[in-house]
Amino acid sequence: MPVPLIHFENVSVQRGNQVILQNVDLSIAQGEHVAILGPNGSGKSTLIKVISRELYPLLQPEPWSLEILGRDRWNLFELRNHLGIVSNDWIAMCTRDYSGYEIVLSGFFGSVGIWPNHTVTPEMEQKAREVMEVLEISHLAERNTEEMSSGEARRILIARALVHDPRALVLDEPTNSLDLRAHWELRSILRKLAQNGISLILVTHHLPDIIPEMRRVILIRQGRVFCDGPKEQV
């Protein structure tokens, strides 16, 4: 039986004096498409930061575990090969004086843009262009990211996260500030990725963000898993 993509057991996170996540138990299988739903401030984004190792669980006397693909220890660069992260923090960092193509290429290095010490291989260039073509954003390759709409910038970031052929894509509130057309385009991209076998973990507080391929919904409230099950029942 394959190990879970993500497995939380009794995980808590504290920032300052405030407990953001409390005793979270959660397991997501490889290949599964899941929506994590909850109001602002419920702990959803913190959950993503724990998965991406930007935050670490609170050490506590009770037994706890946090594993990704069966492992509790990861080199961050190695982890990026398995999990593609698209967050609002990255959108803010990447909307700078770089072309769309440079941002996509930078996914190979875990950076924002291409730096002088980076060695870009022909294979990397080919992969970046292939991913942009699949997402139908080749026309954004030479455009400055500062000149892109919110929807275009998000598609560039999704391409950046996909250059490693990750097993899963983790998206944090991807439709924030998008107009109706951009929202529809993003949903279409996510459906295509899901149908191509990439596991999707979507964090949102908007019900319309949940695509048909996502059959499981996890509700987060006040830092706890409030409900977890088929979306028809949740």
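Quick note: the coordinates plus some simple rules give every number you see, no bench work behind them. Computed from a prediction, not measured in an experiment: that's the story for all the values here. With ideal geometry, Cβ positions are generated from the backbone for all residues, glycine too; neighbour counts draw on all protein chains shown.
Please identify, among GLN18, GLN30, GLN195, the residue showing maximal mean-square fluctuation in a Gaussian network model of the chain using a 10 angstrom Cα cutoff.
GLN18
Identify the residues of segment 111-128 with backbone N under 18 Å of a label point that sits 7 angstrom from the Cα of ASP97 along the Cα-to-Cβ direction, or state none.
Within reach of a label on ASP97: 112-117.
What full-extension length gain, to one decimal in nm, is calculated for GLU142 and ALA29 as 0.36 nm per residue of separation minus the Cα-Cα distance? Spell out each step's value before the answer.
Details: separation 113, 0.36 × 113 = 40.68 nm, distance 3.77 nm.
Length gained, GLU142 through ALA29: 36.9 nm.
For the pair HIS205/ASN75, report the inter-label distance in nm, with labels modelled 7 Å from Cα in the Cβ direction.
Using points 7 Å along Cα→Cβ, the separation is 3.9 nm.
What distance in nm separates the two pseudo spin-label positions at VAL234 and TYR56, each 7 Å out from Cα along the beta-carbon direction?
2.9 nm
For an R0 of 35 angstrom, estimate the FRET efficiency from the Cβ-Cβ distance between MET1 and ARG191 and round to the nearest 0.05.
Given R0 = 35 Å and the Cβ-Cβ separation, E is 0.80.
For LYS231, which lysines qualify as cross-link partners when the Cα separation must be under 21 Å and same-chain residues fewer than eight apart are set aside?
LYS44, LYS192
Out of the GluC sites (Glu not before Pro) in segment 95-153, which ones are loop residues according to DSSP with at most 13 other C-beta atoms within 10 Å?
Details: sites: GLU102, GLU123, GLU125, GLU130, GLU133, GLU136, GLU142, GLU146, GLU147, GLU152; in loops: GLU136, GLU142.
The qualifying sites are GLU136, GLU142.
Within segment 9-44, whose backbone N sits under 17 Å from a point 7 Å along Cα→Cβ of ASN176?
Label zone hits: 36-44.
Binning every alpha carbon pair distance of the chain at 10 Å from zero, what are the percents per bin?
Spelled out per bin, shortest first, that is 8, 33, 36, 19, 4, 0.
Quick one: putting +1 on the C-beta of Lys and Arg, -1 on the C-beta of Asp and Glu, what dipole do you get for segment 94-164 around its Cα centre, in Debye to the nearest 20? Write down the numbers at each step before the final one.
Details: 7 positive and 11 negative charges, 44 e Å.
It works out to roughly 220 debye.
Out of residues 5 or more away from LEU58 or on other chains, whose amide H comes under 5 Å of its own, with H placed 1.01 Å from N in the peptide plane?
Those qualifying (amide H under 5 Å, at least 5 residues apart or on another chain) are SER12, VAL13, GLN14.
Rank GLN22, ASN88, GLY70 by how far each Cα sits towards the positive end of the charge dipole of the chain (+1 on Lys, Arg Cβ; -1 on Asp, Glu Cβ) and give me just the farthest.
GLN22
In nanometres, what is the gap between the two model label sites at ASN17 and TRP184, each 7 Å from Cα along Cα-to-Cβ?
5.0 nm
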